[in-house]
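The values are calculated or read from the model by the stated rules, or taken from the named source; none is laboratory data. What you are looking at is a predicted structure, and each value in this text was computed from that prediction instead of being measured. Cβ sites come from the backbone with ideal geometry, for glycine too, and all protein chains shown count toward neighbours. Note: areas computed on protein heavy atoms with side chains; ligands, DNA, RNA excluded. Shrake-Rupley method; radii C 1.70, N 1.55, O 1.52, S 1.80 Å.
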Amino acid sequence: MSKHVIVVGGGIIGTSAAYYLSKSGMKVTLVEGKDIAAGTSSACDQAIMLQSKRPGPTLDIALESAKLYSRLEEELGEDLEYKKGGGMIVIETMKELEAMKQLVERQQKAGMDVRLISGEEARERQPGLSEHIIGATWYEHDAEVNPLRVCFAMAKAAKRNGAAIRTKAKVTGLLAENDRIVGVDLAGEKLYADRVVLTTGVWTPFLLKAIGIHIPIIPRKGQILVSERMEPFISCNVLAAAYIANKMNPKKGEDPEQPKSAGLSLGQTHSGTLLIGGSREFAGYDVNTNARLTKEIAKDAIRIFPVLAKTHIIRTFAGLRPYTPDGMPIIGKVEEIEGLYIAAGHEGDGIALAPITGKIIANLIDGVKMNVDISLFSPNRFANMVV
């Protein structure tokens, strides 16, 4: 008899877990309080950026995830707007150049063929870059995808495999019996299963707190500007070196009253709009955008791409990234209580890591040995943390 697994959360991590669990032959119920991709997965960019990962376990699984993405459209039978167009991190100062040299050396030692290119080559690869750009990194295997299409395609495929998809079904608590999680409470309706997987992003700590488990996931807000539709302009994913520095060296004392741009992130959607970021601020669960920050992000974009000075911005939005203190996702079994698994805390890497995360969860529950080491992603690494 196959295991029954409840997946809580219908974002890109949850739908991926539901798909790979159902593909393994398990009975799956995906429950989501709102709708598929209604949270962070609908308030993000489209980058599958590998060179933005620090060498180590996160990069290792990101490379495995990229392999899954390369064949996912064919596997799911859906257009995911997947494109492997490469990516660059643009460099504006000598200080940034030295920092990026060190990162590239570490990435090359990890087996990535990332390389430093001159400002001239960067402008050849991506016309419109400012003349003051002194160089860039280049990695041809960076890609992009439409996260909404991925979510809905994964959910649809899971349903074809027999999974039940329940939206507008809010989980208000976990059901525990004899030191084991046996299901979830849906506002009074009890739904039982052999295993429960929490893929609830920034909301994960609330469900765990009720059963005495602390997981230090904190919301870290990011704001994105959306431009009018334009002719194809951005040929690859573009990040600024300042963005990488802010991603890898977060300051938890950031003042939400004085938000600052975290460095440019830029991509162009299939429909022609530009997605212009980015920011990273600790502002609780507030998802309102900030006009001052909108101007900061726009100034960054114009400095690096002067040709955007007359581009119209049609809207802005913000999403909550699930930040963890060590910058790594939480993927695995909770040791304190049987039957409970977590797949959350991916911060800005959720899109890139979604397929491999779903597959890891399916393999863990199915008892299948994996070729990647996931021990450092264990929820239990925070057991002795002083709160």
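With everything on Cα atoms, drop me the angle between helix 12-23 and the longest principal axis of the chain, reported from 0 to 90° to the nearest 10.
Here the helix axis deviates by roughly 50 degrees.
For a distance above 18 Å, tell me the whole-number percent of Cα pairs in region 1-143 that qualify.
67 percent
Taking 0.36 nm per residue of separation and subtracting the Cα-Cα distance, what length does fully extending Ala210 through Arg160 add?
Full extension of this stretch gives 14.6 nm more.
Run the numbers for Lys190 and Arg292: contour at 0.36 nm per residue of separation, minus the present Cα-Cα distance, in nm.
This chain segment gains 32.1 nm when fully extended.
Which one, Ala47, Ala187, Ala240, has the greatest fluctuation when you compute a Gaussian network model over the chain with C-alpha springs under 10 angstrom?
Result: Ala187 has the largest fluctuation of those listed.
Could you go through region 213-219 in sequence order and give the Karplus-derived ³J(HN,Hα) for each residue, using 6.51 cos²θ - 1.76 cosθ + 1.60 with θ = phi - 60°, rounded to whole Hz, and x for Gly and Pro?
Result, rounded to whole Hz: 10, 9, 10, x, 8, 10, x.
Tell me the trypsin sites (Lys or Arg not before Pro) within region 268-322 that lie in a loop according to DSSP and have at most 12 other beta-carbon atoms within 10 Å.
Passing sites in region 268-322 are Lys310.
Which order do Ser235, Ser52 take when ranked by solvent-accessible area (1.4 Å probe, heavy atoms of all protein chains), largest first?
Ser235, Ser52
Does region 39-90 come out rounded, prolate or oblate, given a ≥ b ≥ c as the square roots of the eigenvalues of its C-alpha gyration tensor, rounded meaning a/c under 1.5 and, failing that, prolate meaning a/b above b/c?
prolate
Once each part is reduced to its C-alpha centroid, what is the distance from region 140-161 to region 187-236 in angstrom?
16 Å
Volume per residue, Å³, of the convex hull around the alpha-carbon atoms of the chain?
Output value, Cα hull per residue: 136 Å³.
Can you give me the distance in nm between label points at Glu336 and Lys109, each placed 7 Å from the Cα along the Cα-to-Cβ direction?
Each label point is offset 7 Å from its Cα along the Cβ direction, giving 3.7 nm.
Exactly which trypsin sites (Lys or Arg not before Pro) in region 1-45 are in a DSSP loop and have at most 14 other Cβ atoms within 10 Å?
Lys34
Could you work out how far helix 94-109 tilts from the main Cα principal axis of the chain, as a 0 to 90 degree angle to the nearest 10?
Value to nearest ten degrees: 50.
When all protein chains stay in place, what accessible area (Å², nearest 10, 1.4 Å probe) is found for Tyr341?
Rounded to the nearest 10, the figure is 10 Å².
Have a look at Gly263, Gly33, Gly278 and tell me which one the Gaussian network model of the chain (Cα, springs below 10 Å) gives the largest fluctuation.
Gly33
Among Thr93, Thr273, what's the order by accessible area (1.4 angstrom probe), most exposed first?
Largest accessible area first, the list is Thr93, Thr273.
From the protein chains alone at 1.4 Å, what is the descending order of accessible area for Glu124, Glu228, largest first?
Listed by decreasing accessible area, they come as Glu124, Glu228.
Run the 1.4 Å probe and let me know the accessible area of Glu177, rounded to the nearest 10 Å².
100 Å²
Quick one: angle between helix 57-70 and the longest Cα principal axis of the chain, in degrees between 0 and 90, rounded to 10, please.
The answer is roughly 90 degrees.
Accessible area per residue for the chain in Å², computed with a 1.4 Å probe and the full protein assembly in place, what is it?
Per-residue accessible area for the chain comes out at 44 Å².
Using only the Cα atoms of region 80-151, build the gyration tensor, take square roots of its eigenvalues as a ≥ b ≥ c, and label the shape rounded, prolate or oblate: rounded if a/c is under 1.5, else prolate if a/b is larger than b/c, else oblate.
Since a/c reaches 1.5 but b/c is at least a/b, the shape of region 80-151 is classed as oblate.
Please list the non-local residues whose amide H lies under 5 Å from the amide H of His270, H modeled 1.01 Å from N, same-chain partners needing a gap of 5 or more.
none
Val8 accessible area, nearest 10 Å², 1.4 Å probe?
10 Å²
So, with a 1.4 angstrom probe, what is the percent of accessible area on region 101-201 that is carbon and sulfur?
Ligands and nucleic acids excluded, carbon and sulfur give 45 percent.
As an exercise, identify the trypsin sites (Lys or Arg not before Pro) in region 47-93 lying in DSSP coil whose Cβ has no more than 11 other Cβ atoms within 10 Å.
Those satisfying the criteria are Arg71.
Residues with amide H under 5 Å of Val334's amide H, sequence separation 5 or more or different chain, H placed in the peptide plane at 1.01 Å from N; which?
Excluding prolines and chain starts, which carry no amide H, the hits are Leu340, Tyr341, Ile342.
Post the alpha-carbon centroid distance, region 335-350 to region 42-85, in whole angstrom.
20 Å
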